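So the structure is just underneath, and the comments pick up after that.
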Number of protein chains: 2
Amino acid sequence: MAATTGLADSATSKFDSTTPPKDSQLDPSLVGQLLVNLDKEVEALKGNKEIDLEGIMTFQRAANYLSCAQIFLRSDALLQRDLTQDDIKRRLLGHWGTCPGLNFVYAHATALLAELERDGEKPEWLFVTGPGHGAPAVLSSLFLEGTWEHFYPDYPATAGGLEKFVKAFSFPGGFPSHVNAETPGAIHEGGELGYALAVSFGSVMDRPDQITVAVIGDGESETGPTAGAWHAHKYLDPKESGAVLPILHANGYKIGERTIPGTMDNYELAALYTGYGYQVRIVEYPGYHEKHKTDHEDDVTINANMAASIRWALGEIRKIQKDARSGKPQTKPRWPLIILRSPKGWSGPKELNGHPIEGSWRAHQVPLPKAATDKKEFNMLVDWLKSYKPEELFHPDADILIDEKVTRILPKAVRSRMGMNKYAYDGFEPLKTPDWRKYLKEQGTEQSNMRAIGDYLVDVVRDNPHSFRIFSPDEITSNKLDACMSITHRDFQWDPETANNGGRITEMLSEHTLQGFLQGYTLTGRHGLFPSYEAFLGIVTTMIEQYTKFIKMALETRWRRPVAGLTYIETSTLWRQEHNGYSHQNPGLICNFITLPRNLARIYFPPDANCSVSTVDHCLRSQNFINLVVGSKNPSYNFLSPASRGRSLRRRTLD
Amino acid sequence: MAATTGLADSATSKFDSTTPPKDSQLDPSLVGQLLVNLDKEVEALKGNKEIDLEGIMTFQRAANYLSCAQIFLRSDALLQRDLTQDDIKRRLLGHWGTCPGLNFVYAHATALLAELERDGEKPEWLFVTGPGHGAPAVLSSLFLEGTWEHFYPDYPATAGGLEKFVKAFSFPGGFPSHVNAETPGAIHEGGELGYALAVSFGSVMDRPDQITVAVIGDGESETGPTAGAWHAHKYLDPKESGAVLPILHANGYKIGERTIPGTMDNYELAALYTGYGYQVRIVEYPGYHEKHKTDHEDDVTINANMAASIRWALGEIRKIQKDARSGKPQTKPRWPLIILRSPKGWSGPKELNGHPIEGSWRAHQVPLPKAATDKKEFNMLVDWLKSYKPEELFHPDADILIDEKVTRILPKAVRSRMGMNKYAYDGFEPLKTPDWRKYLKEQGTEQSNMRAIGDYLVDVVRDNPHSFRIFSPDEITSNKLDACMSITHRDFQWDPETANNGGRITEMLSEHTLQGFLQGYTLTGRHGLFPSYEAFLGIVTTMIEQYTKFIKMALETRWRRPVAGLTYIETSTLWRQEHNGYSHQNPGLICNFITLPRNLARIYFPPDANCSVSTVDHCLRSQNFINLVVGSKNPSYNFLSPASRGRSLRRRTLD
């Protein structure tokens, strides 16, 4: 073999072409059989006056303007005087590339909410943002819909409030470039990619009317945790739970390279997600790869497509739910999935120095990065901002800042708007827990800590049929909690023997997906327990750490109320390892817990079964804490009597 | 909504049915279009004398016998006297359920190796075992093929050696129930599931003639890391690299529940893996779900199917390679994938107390767990062992222990047998490194540590075109190593602009997959570098810890030679975090490194660019070590002169 080390002109020079490869060597005639086709509906929608496409597109225009303004401007947010380079932030943050797609989805979802409201419904939807550094988009939509003002009265929907809002993005003392606990409606810490989808599924469990719109970036979709979480719908019982509407935002590029979905043709995407169990509908910018340009007519077409597609998706969700709730559950219900193929940085600058920006990796972060110092880039930025015609959208001198053309698509009631969903921030119902003392055994009794915990959990499961779940990657029986099986069951929907039975136990062999479920379930006001082999719980170390960041910031955010604690029980520990040997030994997570903030994370080493019950009871009733309980499966003696525990140990150290 | 908490008789009582759901609401006529059909070849093979199906099945029979014996027997391994309950191990370990499938695959792969050998080739294949606790199978095959005796002369292929071998499995002082560094041919630590596939892909990079057979259990396939790693082939250049033959072993059950692949019908599996980019061929036990029984005729059919399928797979691999190597690379080559749907615990006990064992979750761990104390189970065990007719397979009193009917499928040369592949254990070629001193700048020069490292790496890449790779989840440019782009490029095969160009840089946004690549690449004698944002490197904490276990045991295994060190460079650290904020801050991995064995793991905090170059050079030339280098992207001053570093610091602490 000859040497094959490749040579390239520069880091990125070969990446200007925007056409992905086509040849997948598969029969393209199959495409139509795997993809949901809505062509007629799309055409009909363009002339349908009941769907306010113009309003939806105007909302997008305003949100895109604000996204761009947040990234670039520290003053003159509404271009009320001639913009100068002094108005530009010195450190440009936030990623523009994903913003137009996020704004596009948000506008369509919120317009549909308004329609449902007009039909007399009280929809409660959540929006989960997967793409990294996409906060400019979400913040813009929240500002436009009035949510921002509601939670942050210091930032009213006035010219002054908007000026302050635009400046505060990624500015000292302001708001970060990722969605975090300070973002209204948010239930997911940005930063580490991979978990938005699983968190979304957790958020709708046991909330039959809840829908969470989850936008998954094509970068995030390359992660293992996301790739596994596409199976999450297989653990969602449509009778008792709501639905996730996943939108894979495949705009094709990461910072400097194409993404995997970006190089997959529609057939490959349809095959993959059909295999995952979804019905797939692709919302694609018409002919973008051929023309590499956007125009108003095509903007209308893709908006009509999305309007038709999101209605189709809601219809499919309701069909599945109706069947399940009328006693005729579908076998393997195929939930809808939308794949959005829109140009990266859509509506932004088209090219710079002969290189394309829109629709390429160059739009991923901040296009025109030298706008503050380079005159050409500055002028392009001014043209870009003006292209949204902000003077039509915002009226700084009028009583109402935001034009009615922008806001008319919103639900009339502010509380019906997407960022206002109270599940995202308004606390939780306390868990109904039995008196832990009744499970204690006499001093000297030989008992398995885990079995004792299991006896206690039976009553917790029974008394909280819709607000307590157990997420168990290593299987509940293996962790000696099988007493719970006397009162409930697994919830695997694709197994006819566990489908549609309201099971409280999820046993997917994916720590990542289950951790996401637990986070989404807890952050929307419910309670969960995560038993796991000690060695394998470390798989979600950084997820736990990111979750802790969310809680830390939530505690610093005035309008967020407490959530239930997260409780982990480690079994098969290094110190009493039974039989699995070296490959299954790893107490390392304890090291990571020790470094978490001491007001948030606790580690418990209950010495016997009595103490284990008392500890788990305490943890399940805790608020905000992340609790790590070190368990033990094999029988050992109770060192302490119920009385001694009741009197002293428990009072001093736990309650 | 009515209360839906499900009730069940017992933990598992509903799980006796062995029929998965069928209704996927998709047009089954599509199946034939997505699946590779070899029906004619299968029929032809049954009468083809050139394919030794009988020999292959006899090898399986012997391997299954030894697997069962290893799990149960501490004495009388060949049933030379009447077995008693005293002959049974007191603690039964290893998982029987997966063993017959592993032995099935091993037998077919090894028979194909022999065929290639007869054709004058010198095939070098590796076998990677995904399924947990599957060591009884792999150890059995290694014993039968003579590899075990080669590496462990204390366990010769004699009656005494076999007796000792059977007893040593999961016995104090013996061998663990997972594949680990003590297993000949192994390049992957068992225990934590999810990484076998990515490791396999790493093992074949830059080894154009290498094929790694990777068996992935359907439990493991539920993990996120595995779900993401199915895309790994998109980073494999068929011109310069070998191939992975992935075999998804979908036997349907975990410990107590069906698996996700176990509930997917063939069409869903075909769609999913077609979407991932593979050509899919399903090797299924004929009509097992209907009949729930196995017999000789069907055994022959599935063996003929596998023989045809593995030959088809090899043919497809070679077509792709030939095209790439003759200058006509295929666009998006569709590598072959085999899905094996065989009964769990195939050939084991059929039922116990009215419950099915074979083909159900009850076969997952140890069927007949009370064989040492319960007479009925003991008798069933005796029948089970005798059903393999060990007297036909082993001749304890003869010169040659193992019958020729078992061994005749093996390659003639012992060194051609699968467990003997020298890449798995025989050390590495040292990296060609330039003199690090020539990259140093004068004291006081302002320089980015990462850029200085990048300048050094340019020469490393150039001088090691086939044995050094950079795995970079957060993109090389973002980590300021883009100088490397002057000499090489990314290797993303599904992007026409980076396909087939020998790129040394892999930029998949999956830390798990890249860590697997790095492990497989390093453990087969090559060198890699893993730059990552500090906060996100923690995603693979437990993978690093499992890898360290492998190295620790490799150092204690006489016949294993050293491998190159693994080197991580953390950027965007908490302490000099630039701009990404709280969501991107997490130095926690350092805690985990501190707890690793001090003879294996090192953490480096080079204070300036000069020291960074010196440190990375040292790490890349290290043996066995796992090195964590804390980097820095922004320019800072060189505190130490080249001279001072050359004289003292370097000598005392590094070399």
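Contact map, segment B:546-559: residues that are within 8 Å of chain A (Cβ to nearest Cβ) paired with residues that are assigned to a helix (DSSP H, G or I) and open to solvent by 20 Å² or more (accessible area, probe 1.4 Å), Cβ distance under 7 Å, separation 6+ or inter-chain. Pairs shown: B:K549/A:Y582. I'd like the residue in segment A:298-334 that is within 28 Å of A:N48 (Cα to Cα), within 12 Å of another protein chain (Cβ to nearest Cβ) and of a type in the set (D, E, K, R) and, out of all such residues, is most open to solvent (accessible area, probe 1.4 Å). Across segment A:298-334, the extreme among qualifying residues is A:K319. Checking the conditions here, which among A:L162, A:L113, A:L144 is away from chain B (no Cβ under 12 Å), open to solvent by less than 20 Å² (accessible area, probe 1.4 Å) and within 20 Å of the chain's Cα centre (by Cα)? Going through A:L162, A:L113, A:L144 in turn, just one is away from chain B (no Cβ under 12 Å), open to solvent by less than 20 Å² (accessible area, probe 1.4 Å) and within 20 Å of the chain's Cα centre (by Cα): A:L113. Within segment A:567-581, the set of residues being open to solvent by 20 Å² or more (accessible area, probe 1.4 Å) and either under 27 Å from the mean Cα position of the chain (by Cα) or within 22 Å of A:R602 (Cα to Cα) (or both) comprises A:L574, A:W575, A:R576.
Scanning segment B:207-219 for residues that are crowded, with 24+ Cβ neighbours inside 10 Å and of a type outside the set (A, V, I, L, M, F, W, C) yields B:T212, B:G217, B:D218, B:G219. Only one entry in A:P434, A:P465 is modelled with pLDDT of 95 or more, within 11 Å of chain B (Cβ to nearest Cβ), part of a loop (DSSP other than H, G, I, E, B) and farther than 25 Å from B:K254 by Cβ, namely A:P465. Of all the numbered requirements in (1) over 20 Å from B:D474 (Cα atoms); (2) assigned to a loop (DSSP other than H, G, I, E, B); (3) among the acidic types (D, E), B:E545 misses one, and that requirement is (2). Every condition in (1) surrounded by 21 or more Cβ atoms within 10 Å (Cβ to Cβ); (2) touching an Asp or Glu at 6+ places or on another chain (Cβ under 9 Å); (3) at pLDDT below 95 is met by A:E121 except one, and the failing one is (1). Every condition in (1) surrounded by fewer than 21 Cβ atoms within 10 Å (Cβ to Cβ); (2) in contact with a His (Cβ under 7 Å, 6 or more places away or on another chain) is met by A:F468 except one, and the failing one is (1). Can A:D403 be described as touching a His at 6+ places or on another chain (Cβ under 7 Å) and either assigned by TED's automatic domain parsing to the domain that holds A:W346 or without any contact (Cβ under 8 Å) to a residue 40 or more places away in the chain (or both)? So A:D403 passes the test. Scanning segment B:472-500 for residues that are under 20 Å from B:F201 (Cα atoms), free of Cβ contacts under 8 Å to residues at least 60 places away in the same chain and not charged (D, E, K, R) yields B:H489, B:T498.
Under the condition of being within 9 Å of chain B (Cβ to nearest Cβ) and under 22 Å from A:R469 (Cα atoms), the residues counted in segment A:207-224 number 1. Considered as a group, the residues in segment B:225-239 that are of a type in the set (A, V, I, L, M) and under 21 Å from A:Y273 (Cα atoms) include one that is farthest from the other protein chains (Cβ to nearest Cβ), and that residue is B:A232.
The residue pairs whose first member lies in segment B:507-522 and is more than 10 Å from every other protein chain (Cβ to nearest Cβ), whose second member is open to solvent by 10 Å² or more (accessible area, probe 1.4 Å), and whose beta carbons are closer than 6 Å, counting only pairs six or more residues apart or on different chains, are B:T522/B:V563. Under the condition of being hydroxyl-bearing (S, T, Y), more than 7 Å from chain A (Cβ to nearest Cβ) and more than 24 Å from B:F492 (Cβ to Cβ), the residues counted in segment B:240-289 number 5.
For segment B:177-195, a tally of residues being closer than 19 Å to B:H150 by Cα and either open to solvent by less than 10 Å² (accessible area, probe 1.4 Å) or facing chain A (nearest Cβ under 7 Å) (or both) returns 7. Of all the listed residues (A:A564, A:A535), the sole one being at the interface with another protein chain (Cβ under 8 Å from one of its Cβ atoms) and surrounded by 24 or more Cβ atoms within 10 Å (Cβ to Cβ) is A:A535. Among the residues of segment A:468-484, none is identified as at the interface with chain B (Cβ under 7 Å from one of its Cβ atoms) and at pLDDT 95 or above.
To keep it simple, each residue is scored yes or no on (1) more than 14 Å from chain A (Cβ to nearest Cβ); (2) surrounded by fewer than 24 Cβ atoms within 10 Å (Cβ to Cβ); (3) among the hydrophobic types (A, V, I, L, M, F, W, C); (4) on the phi < 0 side of the Ramachandran plot.
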site	(1), (2), (3), (4)
B:S583	no, yes, no, yes
B:F593	no, yes, yes, yes
B:A601	no, yes, yes, yes
B:N610	yes, no, no, yes
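Is at least one residue of segment B:79-88 hydrophobic (A, V, I, L, M, F, W, C) and part of a loop (DSSP other than H, G, I, E, B)? Within segment B:79-88 (the criterion being hydrophobic (A, V, I, L, M, F, W, C) and part of a loop (DSSP other than H, G, I, E, B)), the answer is yes, since at least one residue qualifies. Only a single item in (1) under 26 Å from the mean Cα position of the chain (by Cα); (2) open to solvent by 60 Å² or more (accessible area, probe 1.4 Å) is not met by A:I409, and it is number (2). Within segment B:489-502, being under 20 Å from B:N479 (Cα atoms), at the interface with chain A (Cβ under 7 Å from one of its Cβ atoms), assigned to a loop (DSSP other than H, G, I, E, B) and over 24 Å from the mean Cα position of the chain (by Cα) holds for one residue alone: B:H489. Might you check whether a residue that is of a type in the set (A, V, I, L, M, F, W, C), buried (at least 24 other Cβ atoms within 10 Å of the Cβ) and within 21 Å of B:I551 (Cα to Cα) occurs anywhere in segment B:221-229? No, segment B:221-229 contains no residue that is of a type in the set (A, V, I, L, M, F, W, C), buried (at least 24 other Cβ atoms within 10 Å of the Cβ) and within 21 Å of B:I551 (Cα to Cα). Residues in segment B:595-617 that are over 13 Å from B:Y568 (Cβ atoms), under 30 Å from the mean Cα position of the chain (by Cα) and of a type outside the set (A, V, I, L, M): B:T595, B:P597, B:R598, B:N599, B:D617.
The values are calculated or read from the model by the stated rules, or taken from the named source; none is laboratory data. None of the values given here were measured: they were computed from a predicted structure. Reconstructed Cβ throughout: ideal geometry from the backbone, glycine too, with neighbour counts over all protein chains shown. Accessible surface areas use protein heavy atoms only, side chains included; no ligands, DNA or RNA. Shrake-Rupley method; radii C 1.70, N 1.55, O 1.52, S 1.80 Å.
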